[in-house]
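Nothing in this text is a laboratory measurement; each read-out follows from the coordinates by a stated rule. This structure is a prediction, so every number in the text was calculated from the model and none was measured. Reconstructed Cβ throughout: ideal geometry from the backbone, glycine too, with neighbour counts over all protein chains shown.
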Amino acid sequence: MNCLMCNGPLVATTGSYEYASLPDTMLTNVEIRRCATCDEEEVVLPQLAQLNRVIAAELIRRPQALVPAQFRFLRKVLGWSGVDLARRFGTTKETVSRWENGHIPISPMADRFLRLAVAYETPVQDYRIHDLAMLTRDAEALVAPITVRRSGDDWRPQAA
Ligand SMILES: [Zn+2]
């Protein structure tokens with residue numbers, strides 16, 4: 001296999017990669033192919049849909065209010081457009097867009113409804129509605145990155 005940029009030889013290693021689709025998300029044990037000539041990197045991510053579901057399941061269990069990038073990520077995991085989400089949430093696509101741009105705070109009810117939609121649609125085991133009472137916007141709450149480890153063609157959440 002050769003580099004797409006310069007056709008130089010690729011050298012495969014295994015390492016960690018910060019997922020481009022969602023900030024603060026580390027993927028470990030992934031195959032990284034680096035070009036020996038130009039240093040271009042290719043990251044091999046098998047089973048992307050499963051990877052995104054594993055990350056989504058981790059996200060909705062977190063006690064911190066969703067930030068805009070997380071909200072958008074979960075909407076996309078559901079396969080919904082902004083209009084789809086607006087219809088289901090009883091709001092407008094403009095409001096959804098403002099939540100996802102960070103122009104207005106995400107409604108606490110929208111945060112909870114999105115979590116339930118992910119739990120229902122993906123589906124997620126043992127999701128407790130009681131935990132929705134514990135969500136906080138506390139900026140001081142420590143947010144550990146989400147870490148997901150590749151195991152063959154499978155993805156598993158990794159304890160921080
Ligand atoms: Zn190259």
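In segment 6-115, counting only helices (runs of 4 or more DSSP H) that sit wholly within it, the ones holding 1 or more residues that are hydroxyl-bearing (Ser, Thr, Tyr) span 93-101. Taken together, the residues in segment 1-33 that are on the phi < 0 side of the Ramachandran plot and within 9 Å of the ligand (Cβ to nearest atom) amount to 8.
Scanning segment 42-64 finds no residues that are within 16 Å of the ligand (Cβ to nearest atom) and touching a Cys at 6+ places or on another chain (Cβ under 7 Å).
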